[in-house]
Each structure stands twice: as structure tokens, then as C-alpha cells.
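Below you'll find the structure, written out as C-alpha cells, and then a few comments.
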Amino acid sequence: MGEPLFRRLALLGFGLIGSSVARVARERGGLAAEVVANARTEATLERVRELGIADRCEIDPARAVEGADCVMLCAPVGAYAALAQAIAPHLRPGCILTDVGSTKQSVIRDVGPLVPEGVHFVPAHPVAGTEYSGPDAGFSTLFDGRWCLLTPPPGTDAAAVEKVAEFWRRCGSMVSSMEPSHHDRVLAIVSHLPHLIAFTICGTADDLEGESRQQVLQFAASGFRDFTRIAASDPVMWRDVFLNNREALLEMLARFTEDAQAMARAVRWGDADYIEDRILRGRKIRRSLIELKQA
Ligand code: NAP
């Protein structure tokens, strides 16, 4: 790949997503000449040094962003306001401030007002992940063939938006722009609600009386097993996603609850056609995902 897009990229938060970006930079080139890592704890930065996936580690976010021409927030979205406050006075004029957060309206609400004059703010969300977290969990192919959604506020510098889009294309992603509230509604149904259901169903199983609970774990069928994989995700990251996409998540949960009640009614009254129709719709969605190569 040609010249790197940025001279110095500061990654604030160095877990699954931050360390995956750093690995792409290291293994494929073309992203940044220098990568600076920042995390909340020294323990994480010590691990980053051992892994050798950043050029420099800085525990102080203000120092991490000094001289950077791209700063990417890769911490849980609940930490963004405090991080933005800490770095704002240290951002270099002309620098691009972007992020990878799973919610977008909250990021614009929390970070937008703190962005200094002359800094380009381009919120983004790579829709790619696993249930693992921390710097060991990242890998350089995470973003391949996955979407990255950009939600630039109106009036954002077009060249800065294009640079962020090119950054994600070089990470292997397909890029699209979206209105932030639309992003949050779409992600509420495709990602946030499924996680809420997975955490809940595991809690329901865990609440069962002694012997039944034991047997749930012993004979876990594939359905329950798949939920436990999603439910193994990072608690802080997901707590922050739920609290920062409250409206859209509650709306989708209300719709889901209505549909679940309709299914319950069909089961109670033996409405075989209704049940079969819903199952067929599920199969159709799965087939569409496979055709779109997003399964
Ligand atoms: P992660 O693996 O848990 O890593 C989080 C990183 O943020 C760690 O380096 C952590 O530092 C740092 N951090 C935590 N709290 C902080 C605070 N209060 N201030 C500063 N730094 C803090 O998380 P991740 O999965 O990479 O997620 C990062 C972001 O990507 C989140 O905004 C999430 O919504 C978004 N995202 C996640 C996925 C996914 O599937 N995981 C997919 C797309 C987007 P320490 O290690 O020192 O605690």
C-alpha cells in the first residue's frame, strides 16, 4: 500500500478494536507512520509493549494525542466525554478526531461540543467485533468485508470524511454514511437487542433451581450455546452501549416484546400456521445474510 494516510495515529483505548486497528497498521501498512497507544491502565500498556503492536505507549491521553494528525477514540462510549475533555486542549489544528463507538448520537452529544475550532470530528463505527476484549483479542483481519458506518455531523469537512473512509477501506471494510439517529435504530435491532436478549436468557437459565440449572449447563443445546457466546461479551462496553442508545433500544425491545407475545399466543392456541410462518421468516433472513456475505 502507498504512503501512509497519517503521520501519527493516537488510539485512545487499546482493546479488541484499538489493537485490531494497530495490527492492521503494522501488518499491512498504509494507515499511519507512527501508532501511539493509550489505555486506562498501565497493565494494558505493558501488554501492548510485550505484543509490540504500537510504536509508543502513553498512559496520559493528553500526551498520547500530542502532534497526532488522527486521534481515534476506542474506549467504551461511556468514557468518551471525560476523554474528550482531557484531550481537547492538546489536539493539533487540522487533526482528525474520530471514534469506533457502537452508538453515534451519544458520541456526537458527548464529544461534539468539546471539539476545538480547526479539528475535524468524523464519528465512525466499524460494525465488526467478537465477544473477546483486551489487546490480546485483536487481529488484523477483523474488519475485512465488514461495514464501517460514518455519521459526520452536517458541515464536516468533506476531505476529512473521505480520509476516514479511506482509512477504513484500507482496513478491509466497506464504507457507508448514515444519519446518526438512523444508525442507532438500525444497530439497536441488529446488535444491541440481540445482546440484551442473550444476557437476559443466560440470567433466566442461571436463576433456575439447583438441579435444572445444572442440567441446562450439562445438556446445553446449540440454541443456548449460541446465546452464551454473545453473553460472554465485555460488561462495561455493553453497559455503556445500552445506556447510550436508550431510546432506540427500548423501542426495539417494545416491538420485540409485542412479537414475542404474539408468538406465545400462537403457541397457546395451537396456531401452527402462524408459528411456521415466523420460523420461515427467520430462515429467509438467514439466507439473505449468507447471500450478502455477512453471515
Ligand atoms: P475493550 O476490548 O474492552 O477495550 C477497551 C479499551 O478502552 C481498553 O484499552 C481500556 O483500557 C480502555 N478504557 C476502558 N475504560 C476507559 C476509561 N474510562 N477511560 C479510558 N480508557 C478506557 O473494548 P472494545 O471491544 O475494543 O470496544 C471499544 C469501543 O469499540 C467501544 O466504544 C465499543 O462500543 C466499540 N465497538 C466494539 C465492538 C465489539 O464487538 N467489541 C464492535 C464495534 C465497536 P484498560 O484495558 O486499561 O482498562
* **Per-region count, the stretch 162-177, residues surrounded by 15 or more Cβ atoms within 10 Å (Cβ to Cβ), touching a Leu at 6+ places or on another chain (Cβ under 9 Å) and in contact (Cβ under 8 Å) with a residue 40 or more places away in the chain** => 7
* To do: List the number of the failed condition for A10; all other conditions in (1) crowded, with 24+ Cβ neighbours inside 10 Å; (2) touching a Leu at 6+ places or on another chain (Cβ under 8 Å) hold.
  => (2)
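Does G29 satisfy being at positive phi and either surrounded by 24 or more Cβ atoms within 10 Å (Cβ to Cβ) or outside the structural domain of T98 (by TED's automatic domain parsing) (or both)?
For G29, the condition - at positive phi and either surrounded by 24 or more Cβ atoms within 10 Å (Cβ to Cβ) or outside the structural domain of T98 (by TED's automatic domain parsing) (or both) - is not met.
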* Structure fact -> If we ask which residues in the stretch 114-143 are more than 8 Å from the ligand (Cβ to nearest atom) and either within 21 Å of V36 (Cβ to Cβ) or of a type in the set (K, R) (or both), their number turns out to be 15
* **Residues (assigned to a loop (DSSP other than H, G, I, E, B) and in contact (Cβ under 8 Å) with a residue 40 or more places away in the chain) located in the stretch 102-127** => S102, T103, K104, P123, V127
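Within the stretch 180-187, can one find any residue that is surrounded by 12 or more Cβ atoms within 10 Å (Cβ to Cβ), polar (S, T, N, Q) and part of a helix (DSSP H, G or I)?
Just the residues of the stretch 180-187 that are surrounded by 12 or more Cβ atoms within 10 Å (Cβ to Cβ), to begin with: 180-187.
Subset that is polar (S, T, N, Q): 181.
Still in the running and part of a helix (DSSP H, G or I): 181.
Yes.
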* Return yes or no: is R49 more than 9 Å from the ligand (Cβ to nearest atom), at pLDDT 95 or above and either of a type in the set (D, E, K, R) or under 20 Å from P126 (Cβ atoms) (or both)? => yes
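The values are calculated or read from the model by the stated rules, or taken from the named source; none is laboratory data. Remember, it's a predicted structure, so these values are computed and weren't measured experimentally. Backbone-built Cβ (ideal geometry, glycine too); neighbour counts: all protein chains shown.
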